[in-house]
Amino acid sequence: METKKKDIRALTKDQLRNFFVEQGDKAFRGNQVYEWLWQKSAHSFDAMTNVSKETRQMLEDHFVINHIRVDQMQRSSDGTIKNAVRLHDGLVVESVLIPTETRTTACVSSQVGCSLDCRFCATARMKRMRNLNADEIYDQVVAIDNESRLYHDRPLSNIVFMGMGEPLMNYNNVLKAIEMITSPEGLGMSPKRITVSTSGVPKMIKKMADEEVKFGLAVSLHSAIDEVRTSIMPFNANFPLKDLREALEYWYSKTKNRITYEYVVWKGINDTQEAVDALVKFCKFAPSKVNLIEYNPIDDGEFQQASEAAVTMYQNTLERNGITVTVRRSRGKDIDAACGQLANKQ
Ligand code: SF4
């Protein structure tokens, strides 16, 4: 009977060191292999040139390296790149490189499909198949960093967890991936350059606050009125705004970090003065920034971007109330790489 080999990157460094000791080898061999696996992103044991042939064979007998493969890369006229990333079991997720004048941002996926059901989102139409492993998230970042160096002559500068999936529904793997992205044994990036974007899972926001994470938090809010929010993000019925607000207050009390809100203004849904007043009331308790994001219709979507006048009304009201606001034009629309458009449609 064939036994399934284990994904070697599921092991911690200590576990890998112990494995070598159990095999009658030296613990430091574990350090060498760990470096190949993470810092050097080796795709095969054979690539580990400072490890003996016998050891490489022994690793081959016990483990696999489940690296991702960029199946298809699409480049937009504005420099945005979208990767269709094939996982070891054949499933596909997408990640995006977004270049601006000053930074290159990777937007990465955390689940295949999504556990939630936001009505304006293309990913929500795919059934949630599974969570991504930490190494699958890490590999997306490595792939985009390589593309950034190749096509934009600079390394990746920022990461947002805003691709497919709700990152806080895959909490452990997302945190482990971030640990490796920020570790000197991985990519050594600053946690300040990473933002986890959630649709708002109160319990998990509190957990992150307790763990004193160093990365930023963004909340896809889209409405600060329960009835409206539930109509566009049905899970809000289970996690109402009162609970979300309480979790965010807790987050702020622990981290003292500004909170970012992602917000789309849709015609006939939240383009009223009442809606913006509710938003001000919701986020005034802590230093906040609101990103007003341009909406990208998904094929047969019933959602439409609100008028310029409505966006200006939001901008003026927020600024008057001392809330930082930016208006984000969408990137990569021609390759369906913009926010809410990721749905494995190559
Ligand atoms: S917007 Fe985010 S949380 Fe909502 S369904 Fe889409 S991927 Fe999931």
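Here, each number is a calculation from the coordinates, and none is a lab measurement. If you're wondering where the values come from, they're calculated on a predicted model, not measured in any experiment. Backbone-built Cβ (ideal geometry, glycine too); neighbour counts: all protein chains shown.
With the cut-off at 1.5 for a/c, could you classify the range 62-198 from its C-alpha gyration tensor as rounded, prolate or oblate? It comes out rounded by the Cα gyration axes.
What does the extension gain come out to for Arg320 and Lys267, with contour length at 0.36 nm per residue minus their alpha carbon separation?
Separation in residues times 0.36 nm, less the Cα-Cα distance, equals 16.8 nm.
Distance between the C-alpha centres of the range 59-136 and the range 208-240: 22 Å, rounded to the whole angstrom. Convex hull of alpha carbon positions in the chain: directionally averaged projected area 18.9 nm². Between the amide H of Thr104 and those of Ser157, Asn158, distances stay under 5 Å, these residues lying 5 or more places away or on another chain, with hydrogens modeled in the peptide plane. Once both labels are positioned 7 Å from their Cα atoms along Cα-to-Cβ, the gap between Lys192 and Arg149 label points is 2.4 nm. Loop-located trypsin sites (Lys or Arg not before Pro) in the range 200-256 (DSSP state not H, G, I, E or B) with no more than 16 neighbouring Cβ atoms inside 10 Å: Lys214, Lys256. One Cα centroid belongs to the range 155-204, the other to the range 254-281; the line between them spans 23 Å. Filter the cross-link list Lys127/Lys267; Lys214/Lys254; Lys254/Lys284; Lys6/Lys176; Lys242/Lys281; Lys214/Lys289 down to pairs whose alpha-carbon distance in this structure exceeds 21 Å. Beyond 21 Å: Lys127/Lys267.
Stretching the chain fully between Asn238 and Lys40 yields a gain of 67.0 nm (0.36 nm per residue, less the alpha carbon separation). Remark: the Cα gyration tensor places the range 6-64 in the rounded category, a/c being less than 1.5. Summing charges over all other residues whose Cβ lies under 12 Å from the Cβ of Glu246, with Lys and Arg as +1 and Asp and Glu as -1, gives +2.
At full extension, Glu302 and Thr12 could sit 99.8 nm farther apart than now, given 0.36 nm per residue minus the alpha carbon distance.
Among the trypsin sites (Lys or Arg not before Pro) in the range 84-133, those located in a DSSP loop and surrounded by at most 11 other Cβ atoms within 10 Å of their own Cβ are Lys127.
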